[in-house]
Amino acid sequence: MPVVVVIRLRAGSSEIVASARQLLAALQARPGFLRGSVAQSVEEDSDLALVARFAELGSWRRALGAADVKLVVTPPARAAAESVGTYEVLDDAGPGPDPISLRRSPNRPEPDR
């Protein structure tokens, strides 16, 4: 199952933005990386989010343990005022008409088709 990783940062300086971009580039080079973004809050300029999507949990864990990623993860990690979360993708949607269900949650009813 694909996973989405969300790292919320409090920027405070342009160096943190640059570090977040370096981290995204390092993650991008890892096997299993699907896509990622560095985003800035529209309400608060100092709030950033790094969002990365990996093919499965193992590829995210291996990416995080890679030496090149460890070298660039330290400055953003120090700026992490909020949290880091890893989420398994249950449904996925694109520009098409219906979301694609990747896994059924026991607490979620089947969609009407």
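The values are calculated or read from the model by the stated rules, or taken from the named source; none is laboratory data. From a predicted model like this one, the values you see are computed outputs, not experimental measurements. Cβ coordinates were reconstructed from backbone atoms using ideal geometry, including for glycine residues, and neighbour counts include every protein chain displayed. Areas reflect the complete protein model, heavy atoms only, side chains present, ligands, DNA and RNA absent. Shrake-Rupley method; radii C 1.70, N 1.55, O 1.52, S 1.80 Å.
Can you name every residue in the range 25-36 that is outside any loop (DSSP other than H, G, I, E, B) and open to solvent by 60 Å² or more (accessible area, probe 1.4 Å)? Can you show your working first?
Our first condition is that a residue be outside any loop (DSSP other than H, G, I, E, B); within the range 25-36, this holds for 25-28, 33-36.
Across the range 25-36, the qualifying residues are GLN28, LEU34, ARG35.
Hey, could you check the range 69-88 for residues that are surrounded by 15 or more Cβ atoms within 10 Å (Cβ to Cβ) and of a type in the set (Val, Ile, Thr) and say which is modelled with the lowest pLDDT? My answer is VAL73. Beta carbons closer than 6 Å, at least 6 apart along the sequence or on distinct chains, pair a first residue in the range 59-71 that is β-branched (Val, Ile, Thr) with a second that is open to solvent by less than 20 Å² (accessible area, probe 1.4 Å) for VAL69/ALA26; VAL69/ALA63.
Checking each residue in the range 54-68 for being open to solvent by 50 Å² or more (accessible area, probe 1.4 Å) and at pLDDT 90 or above picks out GLU56, LEU57, ARG61, ARG62. Filtered by the rule that a residue be surrounded by 14 or more Cβ atoms within 10 Å (Cβ to Cβ) and among the small types (Gly, Ala, Ser), the range 40-53 gives SER46, ALA49, ALA52.
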